[in-house]
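Here, each number is a calculation from the coordinates, and none is a lab measurement. Source: prediction; values computed, not measured. Reconstructed Cβ throughout: ideal geometry from the backbone, glycine too, with neighbour counts over all protein chains shown.
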Amino acid sequence: MEFIVLAIFVIGYLFIALEHTFHVDKAASALLTGTLCWGLFVIGVHDVPSHLAEDFASFKAHFTGDSAMALHTFFEHRLLHHMEDISSILFFLLGAMTIVELVDAHEGFAVITDRIKTSNKVRLLWILAILTFFFSAVLDNLTTSIVMVSLLRKLIDDKETRWMFAGVVVIAANAGGAWSPIGDITTTMLWIGNQLTADVIVTNLIVPSIACLLVPLGILSFTMKGEISRPEISLHKVDPTTAGERNLVFFMGVAGLLFVPVFKTVTHLPPFMGMMLSLGVMWVVTEIIHRSKNHEERSQLSVIGVLRKIDAASVLFFLGILLAVAALQEIGHLINAASWLRDSMGNVYAINVTIGFLSAIVDNVPLVAASMGMYDVTAVGAAASEWEGYFVQNGIFWQFLAYCAGTGGSALIIGSAAGVAVMGLERIDFVWYLKKISLLAISGYLAGALVFWLMFR
């Protein structure tokens, strides 16, 4: 049954990749893949995978039913355990999308777009890529990609050109997130798990991350020509808000997004709680400032009105993908992959580069989680060999893992949270991204890996 589930995942992946060929929305394919993987796994399972044996023994000791019932109840609990993490991501995504849409409804992004005067493609590409790179480090790559897609819609009218810029946004968001302890969820995992400290993440990974972005930008600087065309603004269009309201909502939105990592650091609660708090504050404030407007105007500027514009299909797509990957993790395919890498390669650089490429196919979170489980942190001074020395706190393996897992997912558009969000919001075709962006992303990824190797070899 394990191989049937893997086959279902591969087939579902193909349907997602060839969405426009099969004329089936990728959200439908992802949902079917995720639910079928779990359903077939639970129906066909007769024994607990070895990596879950200890957890099952603990569960069974407190379970009063028979063994068969205990097995299925155990996996029900495992699914709900994964749903905790998945729901956190989905609510985070929903909150961020709502805040961005609320700012957009108030024309708040004009604060930025009105200051970007250039229409030269290359110049604009560098401006937006650098903004994305540093925003991603302060916020995180998922939130930043959502914000930047909204900016792109205000700046670029042509769909093909906007997709090209969106592809660079994915690369820049993932590169920017890799060198910050709060910029990417995998880096945060390694920081919270004490594999890495915040100062080492920033100082040792910023240079490889910059290289990861500069190489694609350098290539595009020579290949991209011409000017962008901005969306036409109707002469009869009436601004829905005053300048004061626009500025207030824009700066509240930015402050709310920046508040999320602060809230997490102070309370140690999941990031979606901070996002929901920010959304709640903005909801109350916008209700108050528009209370004197008529119902039609108020409904377009309220959170309730904005929620109707949220792309629910993107959220469901995310749900399906994460469910499918969680099923592979439960079966043990991801841990088996980590074991194979350790046994067959035996080189920390080769292992991490491969993990980075694998993160473009399956989610980087379970890959990093599997690596954290497979390779224990060696106590400082207790390393009996050079190999064990790579696994001390702030060791080379953990640093390079943070870089590779954070940036390798850019190679495919569904290989990272930023890519999935951009794909859903802009409806970018998987094959188009593969042809136009993947080689650029891989060149940047390998360039950053080379820089890291030269720094620490």
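Working note: 222 nm ellipticity from helices only, DSSP H runs with n ≥ 4, each -39,500 (n - 2.57), summed and divided by the residues of the chain, gives -24000 deg cm²/dmol to the nearest 500. Exposure proxy shown here: for Tyr390, Tyr403, the number of other Cβ atoms within 10 Å sets the order, fewest to most, as Tyr390, Tyr403. From the cross-link list Lys225/Lys436; Lys264/Lys309; Lys117/Lys225; Lys121/Lys435, which pairs have alpha carbons spaced over 26 Å apart? Flagged as over cut-off: Lys264/Lys309. Projecting the Cα atoms of Val103, Thr144, Met164 onto the dipole axis of the stretch 98-179, where Lys and Arg carry +1 and Asp and Glu carry -1 at the beta carbon, places Met164 farthest toward the positive end. Using C-alpha pairs below 8 Å separated by at least 6 residues, the relative contact order for the chain is 25 percent. Give the Debye-formula value of log10 I(q)/I(0) at each listed q (0.07, 0.08, 0.12 Å⁻¹), with one equal scatterer per alpha carbon of the chain, two decimals each. Scattering profile of the chain, log10 relative to I(0): -0.37, -0.48, -1.06. Under a 5 Å amide H cut-off, with hydrogens placed 1.01 Å from N, Val392 pairs with Thr378 among residues at least 5 apart or on other chains. Charge dipole (Cα centre; +1 on Lys/Arg Cβ, -1 on Asp/Glu Cβ; no other charges) of the chain amounts to roughly 1360 debye. Sorting the segments 419-431, 14-26 by their mean number of nearby beta carbons within 10 angstrom, highest to lowest, gives 419-431, 14-26.
The C-alpha radius of gyration of the stretch 171-271, expressed as a fraction of 2.2 N^0.38 Å, stands at 1.54.
Each part reduced to its alpha carbon centroid, the stretch 237-287 and the stretch 21-54 end up 36 Å apart. Rounded, prolate or oblate for the stretch 289-356? Axes are the square roots of the Cα gyration tensor eigenvalues, ordered a ≥ b ≥ c, and the cut-off for rounded is a/c under 1.5. Verdict is prolate for the stretch 289-356. Between Ala53 and Leu80, residue separation times 0.36 nm minus the direct Cα-Cα distance comes to 7.9 nm. Panel order for Trp432, Trp340, Trp283, by other beta carbons found within 10 Å of each beta carbon, from fewest to most: Trp340, Trp432, Trp283. Peptides 206-217, 106-117 ranked from most to least packed give 206-217, 106-117, packing being the mean of other C-beta atoms within 10 angstrom over each peptide's residues.
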